[in-house]
Amino acid sequence: MTKRDFLKTAAAITSTPIFFPLDKLMPSIAHLSPEEVAKDEVFWKKIRAGYRLKPDYINLENGYYCISPEEILESYLAHAREVNYQGSWYMRTVQWENKDKIAARLAQLIDAESEEVIITRNTTESLDTIIGGYPWKAGDEAVFAAQDYGAMRVMFEQVAKKHGVVNKIISIPNHPKSDEEIVALYEDAITPKTRLLMVCHIINITGHILPIKKICEMAHRHVVEVMVDGAHAIGHFQFSIKDLDCDYYGSSLHKWLSAPLGCGLLFVKQGSAAKIWPRFADWTTDLNDLHRLNHTGTHPVHTDLAIGNALDYLEKLGLERKEARLRYIQNYWTDKVRKNPNIIVNTPEERQRSCGIANVGIKGMKPHILAKTLLDKYKIWTVAIDETVVHGCRITPNIYTSTEELDVFVGALRELAEG
């Protein structure tokens, strides 16, 4: 099948009003293991039919924002209509109770206590709340990596200027020899003045999953708190906050949970909230009450409600199945190009060190040229990454992505590598 024929077929599928409600679809694969379901292309094509997809390009840039399936989107719109219908009655009576109920469900998903989780707008808001509100003193040190997200790195630069904090920046190898190599990089940067260590659960530009539990164990031995950037983790792969044993954790729910834009999560371990100074004053006087850090004023509460529908969708699909599928489709394409001498995969090959996200470059081609060529010539939408030790395009398929689309992508990479 040529690229042009494929896109025509994809357009026809997209415009066909075929919809498989998820709860009616699941019994067909209930007897299969997650690994078996991951390879069942018939099943995932039915999942794909539950999305409204643009036929103009193959979307391999879901990492910024994973679009919601129609099932979640329609619920979101219904919530907006209902809140509009109820008006100020809703806002003055049940909005906070409903938000707390959704936060409790999120806490259950990540294996945390309900009083340890609040709903925010995104990871940046969550983690900048901690960085900006931390009880810094002049000379205190913070440790983080050059591969961390820019918004948080800039926030650390701001507290350095404001409070005299010293930032210690490490660099994480794309292909580490072991967990211990990574842990040692962070440990070598710690001194008696270190107060807070920031680490990515999964590095957004490469898809590298870091050994968070081992890093937390090491940092706590040095009496250093750990803040985890989990922007791409929730709804992507399984983990337990209790098992990680971090002190703070932030995530964006409009990414892999596929909730609507504008919702995130902040976890603060019990006993740690009191030390954080809120960015916006709240009526709450109990310093240990996490709501003290969650004053947002009037906001689009229908978005909070739609998080519940995204959780419903994930529970019906099963996170174990979703993780298996995302890991399968990432390895499906990376395995086909890793041995090509002109193709550079900036993501670890070991299965446990990545899931759905990967990064790829072509020798001699700037990332922005690669991204532009993929879109202009092959109708493949990606994002260029050109920073520190990562030079390539981030590739983030979603559960609706087909192996046929990935075959088109692999073919494009091979052609460009030969050229």
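We did not get these values from a lab; they are worked out from the coordinates using the rules stated. Bear in mind the structure is a predicted one, so any value in this text is a computation, not a measurement. For neighbour counting, all protein chains shown are included, and Cβ atoms are generated from backbone atoms with ideal geometry for every residue, glycine included.
Just a few scattered comments:
- Filter on LYS168/LYS213; LYS137/LYS168; LYS161/LYS193; LYS242/LYS269; LYS137/LYS214 - keep pairs with C-alpha separation over 19 Å: LYS168/LYS213; LYS137/LYS214
- Shown for the chain are the DSSP H helices of 20 Å or more along their axis, judged by Cα atoms, with a mean Kyte-Doolittle hydropathy of at least -1.0: 70-86, 95-109, 301-317, 403-418.
- For the range 124-139, no residue has its backbone nitrogen under 13 Å from a point 7 Å from the Cα of HIS220, taken along Cα to Cβ.
- In this structure, the amide hydrogen of SER354, modeled 1.01 Å from its nitrogen in the peptide plane, lies closer than 5 angstrom to those of ILE209, counting only residues at least 5 positions away or on a different chain.
- Cα-based shape type of the range 236-283, given that a ≥ b ≥ c are square roots of the gyration tensor eigenvalues and the cut on a/c is 1.5: oblate
- Residue by residue, the range 136-146 carries 3J(HN,Hα) couplings of 6, 10, 4, x, 4, 10, 10, 10, 7, 10, 4 Hz when phi is fed to the Karplus relation 6.51 cos²θ - 1.76 cosθ + 1.60 (θ = phi - 60°); x denotes Gly or Pro.
- Cα gyration tensor, the range 41-152 - rounded (a/c under 1.5), prolate or oblate: oblate
- Between PRO260, SER68, LEU413, the Cα set farthest toward the positive side of the dipole of the chain (charges on each charged residue's Cβ, about the Cα centre) is that of LEU413.
- With at most 13 other Cβ atoms within 10 Å, longest stretch of the chain clear of loop GluC sites (Glu not before Pro) (DSSP): 1-348
- Label-point gap, in nm, between ASN84 and LYS168 - each point 7 angstrom along Cα→Cβ: 5.4 nm
- With 0.36 nm allotted per residue and the present C-alpha distance subtracted, the GLU350-GLU74 stretch has 95.5 nm of extension available.
- Semi-axes of the equivalent ellipsoid for the chain, Cα gyration tensor, largest first, Å: 35, 29, 18
- Among ILE205, CYS216, MET152 the positive-end extreme of the charge dipole of the range 134-221 (Cβ point charges): MET152
- Among beta bridges that DSSP assigns inside the range 86-232, antiparallel share in %, nearest 5: 5 percent
- Separation of the range 323-340 from the range 75-113 is 38 Å, based on Cα centroids.
- Three-way shape label, the range 74-312, alpha-carbon gyration tensor, a/c 1.5: prolate
- Arranged from fewest to most other beta-carbon atoms within 10 Å of their beta carbon, SER75, SER114 become SER114, SER75.
- Among beta bridges identified by DSSP and lying wholly in the chain, the antiparallel ones come to about 50 percent.
- Look at THR403, THR120, THR93, THR303 and count the other Cβ atoms within 10 Å of each Cβ; fewest to most, that gives THR93, THR403, THR303, THR120.
- LYS177/LEU287 FRET efficiency (R0 41 Å; Cβ-Cβ; nearest 0.05): 0.40
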